[in-house]
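Got a structure here, written out as structure tokens. Questions coming.
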Amino acid sequence: MNRRVLVVDDAQEVCELVEAVLTSAGMDVLATTDSQQAAAHMAREKFDAVFLDVRMPEPDGIELARRARSSGFNQKTPIVMITGDVDPSVQKRAFEAGANFFLYKPLDRRRLLRIVRVTQGSIQQERRRFHRVGVRVRASVECGNVRLDGSTLDMSLNGLLIQSTAVLPQDSKVVVTLQLKPGLPAVHAVGRVARVIGDECMGIELKQVSQADSERMQEFLLPLILAAAEEEAATLQK
């Protein structure tokens, strides 16, 4: 059976572009510019992935994501937010509502297809696994005059687990720097210490990430998530 995907954007040209790319990838697409109509479809139909424009007439994309997570058929459906908004608080609100990934305008066919592959390989996984992958990259955490160097144990687009020589108190506001790949610009984010594990590990919730750094993180994490999904699928088939 083809994957059933919902695309919601009040710009007709965006709907048509995303629909064309997804259809070319073998998906069965329901595309609409009417968010009220989309809400009705989500209330009565299970989708394998949902693409939502952030800014639309009510209900907007964040509200639709919140409704999907709170009840009904799409509590664990992968949700991709479509946005051209550079305000980091928009990303934070979308993650809190249940979004998994972001697709930034102007839309890029290659990035869209990569997200499609990830959602296809991850539909049967738990949401936490869908978000988070085990990966080690160099990281530093700064709070006032204190700087701790270490490395990540796992990462997602909105959080990470860092191992270092010491920890900061829970709820500390921090600035995180990540060196995703040698030679590439570091990623910077503002966050808070969400949990402390022993004397060496801190869970960091990311609160503010620029669009450019968010895109770098997504480009880095998507192949890892896809590889993890494919490895798990291969293991289940043995």
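The values are calculated or read from the model by the stated rules, or taken from the named source; none is laboratory data. Being a predicted model, the structure only gives us computed values, none of them experimental. A quick note on method: Cβ atoms are made from the backbone with ideal geometry, for glycine too, and the neighbour counts reach across all protein chains shown.
So which residues in the stretch 20-62 are among the small types (Gly, Ala, Ser), over 16 Å from Phe73 (Cα atoms) and not in a loop (DSSP other than H, G, I, E, B)?
Ala20, Ser24, Ala31, Ser35, Gly61
Now a separate question. Quick check on the stretch 129-145: of everything there that is of a type in the set (A, V, I, L, M) and at pLDDT below 95, which residue is nearest to Thr119 (Cα to Cα)?
Residue satisfying both the conditions and the ranking: Val133.
Anything in the stretch 130-149 that is part of a strand (DSSP E or B) and without any contact (Cβ under 8 Å) to a residue 12 or more places away in the chain? List them, or say none.
Matches in the stretch 130-149: Arg147 only.
What is the residue count in the stretch 183-206 for residues that are assigned to a loop (DSSP other than H, G, I, E, B) and among the small types (Gly, Ala, Ser)?
Of the residues in that region, 3 qualify.
How about the stretch 69-118: which of its residues are over 11 Å from the mean Cα position of the chain (by Cα) and of a type in the set (S, T, N, Q)?
Within the stretch 69-118, Ser70, Ser71, Asn74, Gln75, Thr77, Thr83, Ser89 meet the criteria.
Tell me yes or no: at least one residue of the stretch 68-84 is among the charged types (D, E, K, R) and either in contact with a Leu (Cβ under 7 Å, 6 or more places away or on another chain) or modelled with pLDDT of 95 or more (or both).
no
Now for a different question. Restrict the check to the stretch 35-48 and report whether at least one residue is at pLDDT below 90 and closer than 26 Å to Asp108 by Cβ.
Yes, the stretch 35-48 contains a residue that is at pLDDT below 90 and closer than 26 Å to Asp108 by Cβ.
Turning to a different aspect of this structure: Only one of Thr152, Thr235, Thr177 is of a type in the set (Ser, Thr, Tyr), in a helix (DSSP H, G or I) and either modelled with pLDDT of 95 or more or closer than 30 Å to Leu113 by Cβ (or both); which?
Thr235
Mind listing just one residue for me: the one in the stretch 155-174 that is outside any strand (DSSP E or B) and within 23 Å of the chain's Cα centre (by Cα) and, of those, modelled with the highest pLDDT?
Asp171
Determine, yes or no, whether Asp60 is farther than 30 Å from Asp199 by Cα, at pLDDT 90 or above, surrounded by 15 or more Cβ atoms within 10 Å (Cβ to Cβ) and among the acidic types (Asp, Glu).
Yes, satisfied.
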